[in-house]
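All of the numbers you see were taken from the coordinates with simple rules; none came from a lab. Note that the structure is a prediction, hence the values are computed from the model and not measured. Here the Cβ positions follow ideal geometry from the backbone for every residue, glycine too, while neighbour counts run over all protein chains shown.
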Ligand code: PMV
């Protein structure tokens, strides 16, 4: 018996940080995926392997421990948590991961791996599930591994497409798409999301009136972006991304490298460019209607980059 499932990574278009203070957010699934294959292991050991990431390990799913054979997989904690909780029989299996989402760049690699592993396992064990169950369970796994996680990453990875998270924390999908390319620039230095969220809180406690109004303004930019998306108004979307960037900068989460990437992207044809995710390292997102390669090549001179499109394909299992 072999089961294969996949799930996309994500990028936040609007509302990061403000979402922590109950403002809305918009995120999208991108066409970079985690693919997980599960099959029986005839030798009686449970293994977890990824050639893309260069690691191999043997797992004890009852004890949630592992023995490394090769490499160093940070992502293993999510897989152990899933197998411990959901593979009741603990029969020996091989779990194989392919991943073309950069790890630790704020592009939702852990959520994609979590969603794809859960879907592959549910399929393998014959557990009946729908996407709502999958998104909820994946969120619980992220929470137990990380201690704290927003439901946005796992929801986007499960449902795909463009997702709106309301002030009331309801998640809905837009019916529209963005045809333009995105170029994502990333550094190898991921900021620590928990610490950066705390640093914003610290600044907010110091300057409550100013920060409250900046956070509310980010929420307004997200509302306007929702309208721009529904009316296919790309140039307004780009402008709003640039406005959102200015507001994110004032929260103190920008870095020299992120700024460099943002101005490089804008200077080479991006109509909007901003930090995506927590900042302090991590990634930028640029909206590029034409000639995405030009922005990609310019970013590549000093940083890492990839060209991405929004994908409507959420989690898929077979
Ligand atoms: O670091 P990322 O890409 O997972 O983004 C974090 C987004 C924040 O709004 C900063 C935090 C959160 O939990 O929503």
Compute the helix-to-body angle for 76-86: its Cα long axis versus the longest principal axis of the chain, expressed 0 to 90° and rounded to tens. 60 degrees
Rg(Cα) of the range 2-175 divided by 2.2 N^0.38 Å? 1.02
Percent antiparallel among DSSP beta bridges (both partners in the chain, rounded to 5): 95 percent
Quick check on the range 136-196: what are the equivalent-ellipsoid semi-axes from the Cα gyration tensor, as sqrt(5λ), descending, whole Å? 22, 20, 11
Folded to 0 to 90 degrees: helix 193-206 orientation relative to the chain principal axis, Cα: 40 degrees
Listed peptides 268-276, 145-153, 31-39, 69-77 by packing density, highest first (mean Cβ within 10 Å): 268-276, 31-39, 145-153, 69-77
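How big is D for the chain, in µm² s⁻¹ as a whole number, if Stokes-Einstein is applied with the Kirkwood radius of its Cα pairs at 25 °C and 0.890 mPa s? Don't jump to the answer; show the numbers that get you there.
Details: Rh = 19.9 Å.
Result for D is 123 µm²/s.
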Over all distinct alpha-carbon pairs, what is the Kirkwood Rh of the range 1-89 in angstrom? 15.5 Å
Working from the pairwise distances between different alpha carbons, so that the mean of 1/r is found and then inverted, what is the range 181-308's Kirkwood radius in Å? 14.9 Å
Would you calculate a helix-derived [θ] at 222 nm for the chain, using -39,500 (n - 2.57) for each DSSP H run of n ≥ 4 and dividing by the full residue count, to the nearest 500? -13000 deg cm²/dmol
Once each part is reduced to its C-alpha centroid, what is the distance from the range 68-85 to the range 247-318 in angstrom? 29 Å
For a distance above 18 Å, tell me the whole-number percent of Cα pairs in the range 96-183 that qualify. 49 percent
Extended-chain gain in nm, criterion 0.36 nm per residue less alpha-carbon gap, residue 129 and residue 300: 57.4 nm
Residue 146 label point, 7 Å along Cα→Cβ, cut-off 19 Å on backbone N: hits in the range 263-287? 275-285
